[in-house]
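Comments concern the structure below.
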Amino acid sequence: MLLRVLLLSIACFSPWFICSIFYRSPVRQAGVPLVTRIASLSYKATNEPFLQYKRGSAERQQLDSTMQSMLSQAPFEVPLCIGAEELTSSEAKKQVLPFDHGRTLANYYYATEQQIDQAIAVALKARHSWSRTSFDERAGIFLKAADIISGKRRCEILGSTILGQAKTIFQAEIDAAAELADFLRFNVQFASEALKYQPISTPDAQNRVVYRPNEGFWASIPPFNFTAIGGNLASAPALMGNVVLWKPSDTAVYSNYVVYRIFREAGLPPGVINFVPADGPTFGRVVTRHAQLAGVNFTGSTKTFRHILKEIANNLTNYRGYPRAIGECGGKNYHFVHPSADLEAAAVSTIRSAFEYSGQKCSACSRLYVPVSLWPKLRSLLLEHHRQLKVGSPLDVDTFTSAVIDRAAFDKISGYLNHAKSCPDIEVIAGGGTDDKTGYFIEPTILLTKNPLDKIMKDDIFGPIVCAYLYEDSKVDETLDLLDSTTDYALTGSVFAKDEAFIKKATDRLIDTAGNFYVNVQSTGSVVGQQPFGGARLSGTNDKAGGPQYTLRFTSPISIKTQQLPVASWKQAHML
């Protein structure tokens, strides 16, 4: 009895343990990979709670200690991980601290074309065994990884994200700990629910569907801005039985390597996910020309995703099949303030959406539409909040946001600020300053434009800039049309209103302007299992990571019919 109570107590704290109890390994059938057949999975995911890291708390002390230890040990070595091999070369590249670019966090190494080909060969060799590993075993590995991330390695993964990607403690917590654990757990739940579907059988025949992995290998290419995306883009295909080449972003290479090591610690076999830092164009060229490319799982710029699609198209006759392409790209996200809006809510939400993590979220607000009558009050509120924002080191507890990610980002954003300062149609309301002496710092900036079609209102800047445009109170409908037609991005957007009739109308009128639409709250902050994320138009293929459809993109189902009764005649019914 005591043992039973102990086991149940452990189960309450370990999703991986629950999963291992309720899974039953399927029985092998000759000639049919086990892949993703499920017997009786009853695992239900819940969102990982955010820790607060308040001054003096145990988690804060542990995190501070971990980061100090990391700073004293840096630079870390990040090798290529191909199968069980760890490879380096004499030409190390450096990942620096964005807020202190004179300090190096990690040395890493680019894979050569030959090493990328080697990684593909190793992955394809691992595929035979991995694709025939039961879903419960694969799920158990990633659920165990989620427990490690949210438990004993939480501070390490936060520290690597804070130092390497200049995130504040809160931004690192909601990303590298909570969201990554959520992706791993909810992917298991959603996959298990989807894979339970089986077709109708008849007295004459038994019908079933086996959810195979895609044939070949997946290339996973994440961005710098979310450690969780790096882990998800690599693990989701692997969960479904695929093998993967994971090319991390240069500016997030260390945090991604920490995640990779956790996957291996959790029991992921060598060769299933191969960690392959590489020059972007070189990696893209090698994987897209390979005959056994199953798909590309990408998050990043629209320009890069279009290039990948062109490369796939150029090599189409060389492939064994038709590679899938999943893309989550940029956005030109909006906040639309209606005359009935709660202005305090609109102001706070705009500050958070536009300036948290220095606007380096795909979902960050960069367009603000405001009725003329409300602008004086909203402007006053925005300035009041803006004055309190501190930009600095993420190691400082009072910092609201830190540096942008690297020199290229700093120069790009600075170029848009220079345009704004020189344009007669644009007024700098707040911010606009830059400083790259120690880190790549850019002040959160509020602009006001008379031209709603200026490039500031159209381009994906990916920095801490929000530009307001004032519309006549009587021209709400015309401004909704303007909002829709200004840009071809369609990722996130939010409307602020108390008028229920307007909210209903706006939701309908703006239905194609966003893949994630919000009412009376900021355009950022989607949560796995609550707001599946993705956009359309130039913002991507809208495959909705964090939702129930996502994992099925990594399967290639086979329908199997077994005739139960012998076929008696070749004659058709009308001939009898």
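The values are calculated or read from the model by the stated rules, or taken from the named source; none is laboratory data. Computed from a predicted model, the values in this text were never measured in an experiment. Here the Cβ positions follow ideal geometry from the backbone for every residue, glycine too, while neighbour counts run over all protein chains shown.
Right, Gly284: of a type in the set (Gly, Ala, Ser) and either surrounded by 24 or more Cβ atoms within 10 Å (Cβ to Cβ) or assigned to a helix (DSSP H, G or I) (or both) or not?
yes
Looking at region 503-516, I want the residues that are β-branched (Val, Ile, Thr) and have a partner that is buried (at least 20 other Cβ atoms within 10 Å of the Cβ) with Cβ atoms under 7 Å, at least 6 apart or on another chain. Which pairs are those?
Between residues of region 503-516 that are β-branched (Val, Ile, Thr) and residues that are buried (at least 20 other Cβ atoms within 10 Å of the Cβ), the close pairs are Ile503/Val495; Ile503/Ala497; Thr513/Leu483; Thr513/Ala490; Thr513/Gly493.
Residue by residue through region 315-360, note down the ones that are assigned to a helix (DSSP H, G or I), in the same structural domain as Leu395 (by TED's automatic domain parsing), over 24 Å from Thr161 (Cβ atoms) and of a type outside the set (Asp, Glu).
Passing the criteria: Leu343, Ala345, Ala346, Ala347, Val348, Ser349, Thr350.
So which strands (runs of 3 or more DSSP E) are wholly in region 468-576 and hold at least 3 residues that are within 30 Å of Arg132 (Cα to Cα)?
Counting at least 3 such residues, we get 555-563.
Pick out the one residue from Ser72, Ser131 that is over 26 Å from Asp436 (Cα atoms) and either among the hydroxyl-bearing types (Ser, Thr, Tyr) or without any contact (Cβ under 8 Å) to a residue 40 or more places away in the chain (or both).
Values: Ser72 fails: over 26 Å from Asp436 (Cα atoms).
After applying the criteria, what remains is Ser131.
Of all residues in region 525-535, which are over 18 Å from Cys365 (Cβ atoms) and either touching a residue at least 40 places away in the same chain (Cβ under 8 Å) or surrounded by fewer than 19 Cβ atoms within 10 Å (Cβ to Cβ) (or both)?
Val528, Gly529, Gln530
Checking the conditions here, which among Phe355, Phe336 is buried (at least 24 other Cβ atoms within 10 Å of the Cβ), over 27 Å from Tyr440 (Cα atoms) and either β-branched (Val, Ile, Thr) or within 29 Å of the chain's Cα centre (by Cα) (or both)?
Going through Phe355, Phe336 in turn, the sole match is Phe336.
Considering each of Gly271, Gly321, Gly327, Gly267 in turn, give the residue that is over 20 Å from the mean Cα position of the chain (by Cα), surrounded by 23 or more Cβ atoms within 10 Å (Cβ to Cβ) and of a type in the set (Gly, Ala, Ser).
Just one listed residue meets the conditions, Gly271.
Conditions tested, residue by residue: (1) under 25 Å from Met67 (Cα atoms); (2) free of Cβ contacts under 8 Å to residues at least 24 places away in the same chain; (3) assigned by TED's automatic domain parsing to the domain that holds Ser160.
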position	(1), (2), (3)
Arg379	no, no, no
Leu382	no, no, no
Asn418	no, yes, no
Cys423	no, no, no
Ala430	no, no, no
Lys437	yes, yes, no
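All but one of (1) assigned by TED's automatic domain parsing to the domain that holds Phe554; (2) more than 28 Å from Ser301 (Cα to Cα); (3) of a type outside the set (Lys, Arg) hold for Gln206; which doesn't?
It fails just one condition, (1).
Restricting region 235-255 to residues that are outside any helix (DSSP H, G or I) and within 16 Å of the chain's Cα centre (by Cα), which is farthest from Val287 (Cα to Cα)?
Narrowing region 235-255 to residues outside any helix (DSSP H, G or I): 240-249.
Now narrow it down to the ones that are within 16 Å of the chain's Cα centre (by Cα): 246-249.
Numbers: Trp246: 11, Lys247: 11, Pro248: 15, Ser249: 16 Å.
Applying the filter and picking the extreme gives Ser249.
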